[in-house]
Amino acid sequence: MDYTTRFYLSGFLRIAFYSGFFLVYLQEIGLSKAQIGFLMGLSLILVALLEVPTGVVADRVSKKLSVLLSEGLSVLYVTVLYLASSFPMVLASMIIAALATAFRTGAETAWVYELLSRDGRANDYPRVYGRLRAFELAGGLVGMITGGMLAETFGMRFAVLMSAPFFLLSLVLTATIPADTVKSRTSYMSHIFESIDFVRSSSVVAWLIVYANFIGLSFAAFTSFMQLYFYDVLSSVLGVSMVMALQAVINSASWYIDTGKYRKWIYDKAGAILPILLFFAGLNEWFGFLTMILGTFVFTQSFKEWQGRFQAAIPDEKRATLGSLYSLTAAITSGVLNVLLGLLFNCVGIMMGLITTSLFMLVLGYALQLSFGRKVSKT
C-alpha cells in the first residue's frame, strides 16, 4: 500500500459518529443555547489564533509529528466529550479539538506535497489532494448516517465513544507514512516574520491567497445559509436533511473526480462563474439546486488547482506556516462574511440578499483582477 493510499484511508477513518447530532448532544448534557453558541464561536476563534503557531511547529520540527499530534488530540477530545457532563468539561473538549484542528491544518497538505515532490510527482498533487478530501467527506457521510442509527439504538453517548477507536486506527495508519525531511532552521519568531515577508514580496503568492479567499467567499455566500434557503423552498426538515445529504455526496464526488486539463480553465473562470450562479439562486428558488450542484463542482475543481499552484509557489521549509497563514485569512474573511450576510438577509430576505451579494462579488472580482494585474491567468 503506497503512502497516498494510506493518506486516503487515514482520512476516511476519522469518522465522527456524533457529527449529525452534535448540538443535540450538547443540549442533552444540559448546556443552554447561549453556552452552545459561545463554545462554537470560541472554537473558531481558537483555531484561527492557533493556526500560525502550530504551522511554525510543523515547519521547524516535523509535519508528520504535527499531524500525529492532531490525531492523538482527536482521540483525547472524543474521550473527554464522552465523559463530559458539565459546561467546563465540554469547554475542555472544545479547546482540545481546536488544538487538534490547528495542528493538522497546513501541516498535512504540506507533508503530502513534500512526499510527492520528493518522488518527482508534484504534478499529481491536485488530484491527490482532491481524493484526500473526498475520502474524508465519505467518512463524514458514513459517520452521519451510522451515528444516527447508533444513537437511536444505544444512545448518543455510545455513538460519541465509538469514534475514539476509529480515530486511533487513523493515528496508527498515519504513523506508517514516511516522514518529511525538510525543516526550517531559523528561530521561531524569525520564521514567522520571514513567512509574512515572503507573502508581501511575492505578488504571485499574495494573489493566490486573495483569489482563494474570493472564490471561497463567493461559494460560501450560498452554502452558509443553504439550510434556511432550501427550507423556504421545501418547508420540510426532512427535505432539507435530504438536500444536505445530497450535497455531501456531490461534494465528495467532486473532490474525487479530476477534470485534468479542464481544471485550469475552471480555475481561471471560477471568479466569474460562482457569483453568476449565486445570482441565479437569488432569481428563482429552484435555481438553488443548480447553484448547489454546479457551484460545488466548480469550487472543488478550482480549489484543487489552486492547491497545486500554491504549494508549487512556496518553499518547503515554510510550507506549513504559509498554509496556516492562508487558513487564518480564510477563517477571518468567512467569519466577517457570515455576520454581514446575516444582517443583509435579515433586512432584505435571502433571495434579494443573494442577488445583491452576487453583483457585489462580480464587481469586487473585476477590481481584484485589475489591481493584481490579472494574475489569475499568469500564476
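The values are calculated or read from the model by the stated rules, or taken from the named source; none is laboratory data. Here the structure is a predicted model, which means the values were calculated and not measured. As a convention, Cβ positions derive from the backbone with ideal geometry for all residues, glycine included, and neighbour counts pool all protein chains shown. Just the protein is used for accessible areas: all its heavy atoms, side chains included, with ligands, DNA and RNA removed. Shrake-Rupley method; radii C 1.70, N 1.55, O 1.52, S 1.80 Å.
Here are the numbers:
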quantity: Charge dipole (debye, nearest 20) of the stretch 189-377; +1 at Cβ of Lys and Arg, -1 at Cβ of Asp and Glu; calculated: 420 debye
quantity: Phi to ³J(HN,Hα) by Karplus 6.51 cos²θ - 1.76 cosθ + 1.60 over the stretch 141-153, Hz, x for Gly, Pro; calculated: 5, 4, x, 5, 6, 5, x, x, 5, 5, 5, 5, 8
quantity: In sequence order, calculated HN-Hα J values of the stretch 124-133 (Karplus, 6.51, -1.76, 1.60; Hz; x Gly/Pro); calculated: 7, 4, x, 5, 5, 4, x, 6, 4, 5
quantity: Cα pair distances in the chain, grouped into 10 Å bins until the bin that holds the longest one, percent each; calculated: 5, 21, 33, 28, 11, 1
quantity: About the Cα centre, charge dipole magnitude for the stretch 3-180 (Lys/Arg +1, Asp/Glu -1 at Cβ), debye; calculated: 160 debye
quantity: Residue-normalised accessible area of the stretch 217-307, expressed per residue, 1.4 Å probe, Å²; calculated: 45 Å²
quantity: Probe 1.4 Å, accessible area per residue of the stretch 3-180, Å²; calculated: 40 Å²
quantity: Ellipsoid equivalent to the stretch 3-180 - semi-axes via the Cα gyration tensor, in Å; calculated: 30, 19, 13
quantity: Solvent-accessible area, 1.4 Å probe, carbon plus sulfur percent, for the chain; calculated: 70 percent
quantity: Cα centroid separation - the stretch 150-209 against the stretch 80-131, whole Å; calculated: 3 Å
quantity: Exceeding the 21 Å Cα-Cα cut-off - candidates Lys64/Lys318; Lys264/Lys318; Lys261/Lys304; Lys261/Lys318; Lys264/Lys304; Lys63/Lys318; calculated: Lys264/Lys318; Lys261/Lys318
quantity: Cα-based convex hull volume of the stretch 189-377 per residue, rounded to whole Å³; calculated: 122 Å³
quantity: Net length gained if the chain between Ser32 and Arg6 were fully extended (0.36 nm per residue, minus Cα distance); calculated: 5.3 nm
quantity: Gained length - Leu283 relative to Lys269, 0.36 nm times residue gap less alpha-carbon distance; calculated: 2.9 nm
quantity: Nearest-0.05 FRET efficiency for Asp232 and Ala175, computed from C-beta distance (R0 35 Å); calculated: 0.15
quantity: Residue among Ile145, Gly130, Ala159 farthest towards the positive dipole end of the chain, charges placed on Cβ; calculated: Gly130
